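Here's the structure we're looking at; comments come further down.
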Amino acid sequence: MFTGLIREMAEVISFKNNFLTLKAKYKAKIGDSIAVNGACLTVVRFTSDTFTVELSPESQKILAMENYRGKVHIEPAMMMGDRFEGHIVQGHVDCLGTIKSIKNNGNSTDYIISIPSEYAKYIIPKGSVTIDGVSLTVNEVMKDSFRLTIIPHTIDNTLFKTYKVGSKVNLETDMFARYIYNMFKGKDEGLTWDKVDSIMASY
């Protein structure tokens, strides 16, 4: 389990034969679970200043592999007793999103990200979403896209400063949104999040 708060930007040393080697300040151990750009991966080797994770063909098919070069986001799995911030992130990437537009508003920047239609139902206004491992709040939801408003600190310290229109990103929808939607979908074919709010308020 993760929080979506990036521990550091690690440097990609190599990616060969399904093995991704990263240089980082974090001291990894064999078997550690580490989210790399939001995907939960297992440490299989380490040195004094690097660690290596293995990516299965399935993972490589799902992930935005073009972002696994240069710098990447890393977050080690939470430990019992850690301070909980961000939101609950599983490190299971649902799909790829695509940056549709980037608009600078002075003290913030709006990013509109498109999402495959089968996952759009899990994006909720003012809910949470994880983009390449970064926990963010959804400000607006459209039919097949959503808007994020990112502050300069987040942009300066993450891959957001490198994204361009057309960039692909790893996207994990909110775990609770998935669970709640699937709990209620069989009861009402016209299910909306407004109806879910009404149902939850009745308890």
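We did not get these values from a lab; they are worked out from the coordinates using the rules stated. This one's a predicted model, so the numbers in the text were calculated from it and none came from an experiment. Please note: Cβ atoms are built from the backbone with ideal geometry, for glycine as well, and neighbour counts cover all protein chains shown.
Within the range 115-171, the set of residues being among the β-branched types (V, I, T), part of a loop (DSSP other than H, G, I, E, B), closer than 19 Å to H73 by Cβ and touching a Ser or Thr at 6+ places or on another chain (Cβ under 9 Å) comprises just one member, I151.
Is it true that some residue in the range 132-151 is of a type in the set (A, V, I, L, M, F, W, C) and surrounded by fewer than 13 Cβ atoms within 10 Å (Cβ to Cβ)? Yes - at least one qualifying residue is present in the range 132-151.
Screening V129 on (1) without any contact (Cβ under 8 Å) to a residue 12 or more places away in the chain; (2) buried (at least 18 other Cβ atoms within 10 Å of the Cβ); (3) not hydroxyl-bearing (S, T, Y) shows it passes everything except condition (1).
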